[in-house]
Ligand SMILES: NC(=O)c1ccc[n+]([C@@H]2O[C@H](COP(=O)([O-])OP(=O)(O)OC[C@H]3O[C@@H](n4cnc5c(N)ncnc54)[C@H](O)[C@@H]3O)[C@@H](O)[C@H]2O)c1
Ligand SMILES: [Zn+2]
């Protein structure tokens, strides 16, 4: 059964698992649909988009901003898109975040769906309804929560994905295992990246499992008042280093997870052997575990974090592998913990 349905606050989202881009034309009204994609994805897959109108944006996080949204909205107006129109975001997390955002504000919201084309997009960014853009160095600081109608997963699209983007996506997979699924963590320990790249069935199962973890967490807490915060494991410090050092999202999250493991060691009793297992798996999948960062500067950015409420920050900590908790840490204490982290 390759069709899954998840309901988020009463809104049903259809997941077409292990499906194909070519079947998109049977799922949406082609003449009323506009595909938003980036230049790289467009170059690789334009041949499969016959009949669709397209808006092609430049690739890269630096374009996930208001200027690109304005361009998309101008194009939708020029194409005379109306309330019956359907927007499809075809691309990585940058494209789906921005396409979902543009579709959510155009005419106060028109329907949209996603075809994620990166690992990170398929296991994380396309799921959960967070759509948004950056403002300068502040990541995802402007946005809405609104669910797509569907998400279509086509694993063959990953064949053109550069190696570093595979590695990038595995950071979120490892994150999911750390916070929710000790068995998945053990599977990741046994395998290596090439195993998943070479075995379609293994990859399809991995993606399905991650889709389930993320969707399950979000379905219980769409508006992030509780458990959804767990998905931010590694992201508080990760986001702070991401734009400062222009790292790929997953690479930054990897650094953030290492820092969060160390803080968990002090605050929530996460054992040293388990901390070491996390570091080992990150390295096994080619992720960085060390970055010499300007702690003072990173802390200044961290203070702006959306998870900050007055002088405290909600921090995701591990108790054991597969079991994460949320704990409020006063900013002053966090500053000390970061300063104390070994160089
Ligand atoms: N909304 C959410 O819940 C959520 C969750 C996690 C991450 N995100 C966001 O996702 C973004 C990162 O997503 P990403 O890592 O997918 O980055 P991305 O969208 O920038 O894609 C990475 C690169 O791969 C290229 N690419 C995409 N698909 C390809 C394919 N099939 N073949 C060849 N090249 C391809 C893109 O053009 C781009 O250059 C960040 O902006 C992050 O904030 C959002
Ligand atoms: Zn992330």
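Can you name every residue in region 123-153 that is touching a strand residue (DSSP E or B) at 6+ places or on another chain (Cβ under 7 Å) and within 9 Å of ligand 1 (Cβ to nearest atom)? Can you show your working first?
In the first step, residues of region 123-153 are kept if they are touching a strand residue (DSSP E or B) at 6+ places or on another chain (Cβ under 7 Å); the result is 125-127, 129-135, 140-153.
Answer for region 123-153, where residues must be touching a strand residue (DSSP E or B) at 6+ places or on another chain (Cβ under 7 Å) and within 9 Å of ligand 1 (Cβ to nearest atom): 125, 126, 127, 129, 130, 131, 132, 133, 134, 140, 143.
Let me spell it out: the conditions are (1) surrounded by fewer than 21 Cβ atoms within 10 Å (Cβ to Cβ); (2) near ligand 1 (Cβ under 9 Å from one of its atoms), and residue 119 meets all of them except one. Which number is the exception?
The number of the failed condition is (1).
Which one of 103, 99 is crowded, with 21+ Cβ neighbours inside 10 Å, in the same structural domain as residue 26 (by TED's automatic domain parsing), within 16 Å of the chain's Cα centre (by Cα) and not in a loop (DSSP other than H, G, I, E, B)?
99
Against the definition (crowded, with 16+ Cβ neighbours inside 10 Å and modelled with pLDDT of 95 or more), how does residue 17 come out, yes or no?
yes
Hey, among 318, 337, which residue is in contact with a strand residue (DSSP E or B) (Cβ under 7 Å, 6 or more places away or on another chain), touching a residue at least 24 places away in the same chain (Cβ under 8 Å) and not in a loop (DSSP other than H, G, I, E, B)?
Details: 337 fails: in contact with a strand residue (DSSP E or B) (Cβ under 7 Å, 6 or more places away or on another chain).
Selected residue: 318, the only one of 318, 337 that is in contact with a strand residue (DSSP E or B) (Cβ under 7 Å, 6 or more places away or on another chain), touching a residue at least 24 places away in the same chain (Cβ under 8 Å) and not in a loop (DSSP other than H, G, I, E, B).
What's the number of the condition residue 114 fails, among (1) farther than 19 Å from residue 66 by Cα; (2) out of contact with any strand residue (DSSP E or B) (no Cβ under 9 Å at 6 or more places or on another chain)?
Going through (1) farther than 19 Å from residue 66 by Cα; (2) out of contact with any strand residue (DSSP E or B) (no Cβ under 9 Å at 6 or more places or on another chain) one by one, residue 114 breaks only (2).
List the helices (runs of 4 or more DSSP H) inside region 118-210, counting only whole elements, that have at least 3 residues being at pLDDT 95 or above and within 16 Å of ligand 2 (Cβ to nearest atom).
Working: elements: 163-180, 182-190, 193-198.
Hits in region 118-210: 163-180.
The values are calculated or read from the model by the stated rules, or taken from the named source; none is laboratory data. Because the structure is predicted, anything quoted here is derived from the model rather than measured. Cβ sites come from the backbone with ideal geometry, for glycine too, and all protein chains shown count toward neighbours.
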